[in-house]
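Below is one structure, written out as structure tokens, with a few remarks after it.
The values are calculated or read from the model by the stated rules, or taken from the named source; none is laboratory data. Because the structure is a prediction, the values reported are computed rather than measured. Cβ atoms come from the backbone with ideal geometry, glycine included; neighbour counts cover every protein chain shown.
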Amino acid sequence: MPPGTASKVVYDRGMRRALGILLALSGRVSAAPPHIGDDAAITLLYGTAAPSVNPCADDAAPIECMIADRYATDPKAKAIALALYQSSGDIAGVGEDEVMDGGYRGKIHLVPQLPTGRYRQHLARVAAAMKSIDEFLASDQSGDSARRYRWRALAFRFVRSINKRTPSAYATAWSIEYNVEGSLLTSERGVRETLFHELFHLNDEDHGDWSAKTLASDYDAIVAKCGEHVRCYAPYAPNDTRVIATGSYYAFQQDNGNSVHEYAAELAVRYLKEQTEILSKQKLSRPAFKCGPPENARAWKSLVDEFFGGYDRVPEC
Ligand SMILES: [Zn+2]
């Protein structure tokens, strides 16, 4: 990270802490969990542009007030961001200026980019995707309050990559970093599937790194068996997403963090696709993933049981 960037980030964090103390002293606590607190909302919305005095400190609805303030220059984007927050508790803000180590992608410079003006369409697609995911998961989870899967009150951190179109997104700690230049984010479907993938990472993390504990032995055996032979992975790949540079199925691309996490997130996307297809067309357009090799059946059942309450609309093989 360039020195200028680093010092800006440190300054910004100091500012946020001061603002956080001010907000805490004001005695406001947001309602029912999960939710994003005022302090986190300031960081998320303003990034390095955080004002020295919170403009919404005395407002009855401080987060709505901050969203309105931050999006003031683009009334259409403001309306979308407010509606997103009111329906889901999600806040659309910005990520940090950073140079990330993208593994096989190399180093990537990301800069904060509020989704306004020419980038507003990304905000609209995120809002549409989260509405669709909400409808899907809410119907899936009806009558089972014990299931632990969170898909609301997420922090969307919008960034723009310089001279690259990857990564499209990454996720940690109930935050999703969204790259407005991301190569997978050029359609509603691409955004919905990418966000479902990222949402899974967050829940996988919340379930104590479930995929690494549960799926790694089968996954490692597949990688050991197939090695560099891309076609060998085809029956095991949960999704079609391929890496342009290497041709690899994304679920099996190496030098990509702990790649079993990617396999699991792609498996979750396959779950979304198959369940949605059964709901809308009552049949699948390709053979069910679970009806492939035995490794697929095991991974599918584990995922469905852990995250989706054993709820699988796809008929038995
Ligand atoms: Zn991922």
For this session: Examine segment 25-36 for a residue that is part of a loop (DSSP other than H, G, I, E, B), modelled with pLDDT of 90 or more, among the charged types (D, E, K, R) and assigned by TED's automatic domain parsing to the domain that holds W151, and state whether such a residue exists.
Result: no
Exercise. Of the residues that make up segment 131-150, is at least one within 16 Å of the ligand (Cβ to nearest atom) and either among the small types (G, A, S) or modelled with pLDDT under 95 (or both)?
Worked result: no
Exercise. Which of the following residues is touching a helix residue (DSSP H, G or I) at 6+ places or on another chain (Cβ under 7 Å), of a type in the set (A, V, I, L, M, F, W, C) and in the same structural domain as A155 (by TED's automatic domain parsing): A61, A49, A41?
Worked result: A41
Exercise. Restricting attention to segment 264-276, does a residue exist that is outside the structural domain of S139 (by TED's automatic domain parsing), over 19 Å from H201 (Cβ atoms), surrounded by fewer than 17 Cβ atoms within 10 Å (Cβ to Cβ) and more than 21 Å from the chain's Cα centre (by Cα)?
Worked result: no
For this session: Report whether or not W210 is touching an Asp or Glu at 6+ places or on another chain (Cβ under 6 Å) and either assigned by TED's automatic domain parsing to the domain that holds K131 or away from the ligand (no atom under 11 Å from the Cβ) (or both).
Result: yes
Problem set entry | Qualifying residue in segment 152-162 (condition: modelled with pLDDT of 95 or more, among the hydroxyl-bearing types (S, T, Y) and either in the same structural domain as E266 (by TED's automatic domain parsing) or over 10 Å from the mean Cα position of the chain (by Cα) (or both)) | yes
For this session: Give the residue that is farthest from H35 (Cα to Cα), with candidates limited to residues of segment 158-170 that are out of contact with any Leu (no Cβ under 6 Å at 6 or more places or on another chain) and within 15 Å of the ligand (Cβ to nearest atom).
Result: T166
Problem set entry | Every residue from segment 285-308 that is surrounded by fewer than 17 Cβ atoms within 10 Å (Cβ to Cβ) and under 24 Å from D134 (Cβ atoms) | D305
Seminar exercise, completed: The condition of being within 16 Å of the ligand (Cβ to nearest atom) and either in a helix (DSSP H, G or I) or modelled with pLDDT of 95 or more (or both) holds, among A221, A265, only for A265
Seminar exercise, completed: Given the conditions (1) part of a helix (DSSP H, G or I); (2) free of Cβ contacts under 8 Å to residues at least 40 places away in the same chain; (3) hydroxyl-bearing (S, T, Y), every one holds for S285 apart from (1)
For this session: Select from segment 224-247 the residues that are under 22 Å from P287 (Cβ atoms), within 16 Å of the ligand (Cβ to nearest atom) and part of a loop (DSSP other than H, G, I, E, B) and list them in ascending order.
Result: A237, P238, N239, D240, T241
For this session: Output the number of the condition that T246 fails; it satisfies all remaining conditions of (1) surrounded by fewer than 19 Cβ atoms within 10 Å (Cβ to Cβ); (2) closer than 25 Å to L123 by Cβ; (3) touching a residue at least 24 places away in the same chain (Cβ under 8 Å).
Result: (2)
Exercise. Within segment 171-204, restricting attention to residues that are touching a Ser or Thr at 6+ places or on another chain (Cβ under 7 Å) and in a helix (DSSP H, G or I), which residue is farthest from the ligand (Cβ to nearest atom)?
Worked result: R192
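Within segment 64-114, how many residues turn out to be outside any strand (DSSP E or B) and either not small (G, A, S) or not assigned by TED's automatic domain parsing to the domain that holds T166 (or both)?
So the answer is 24.
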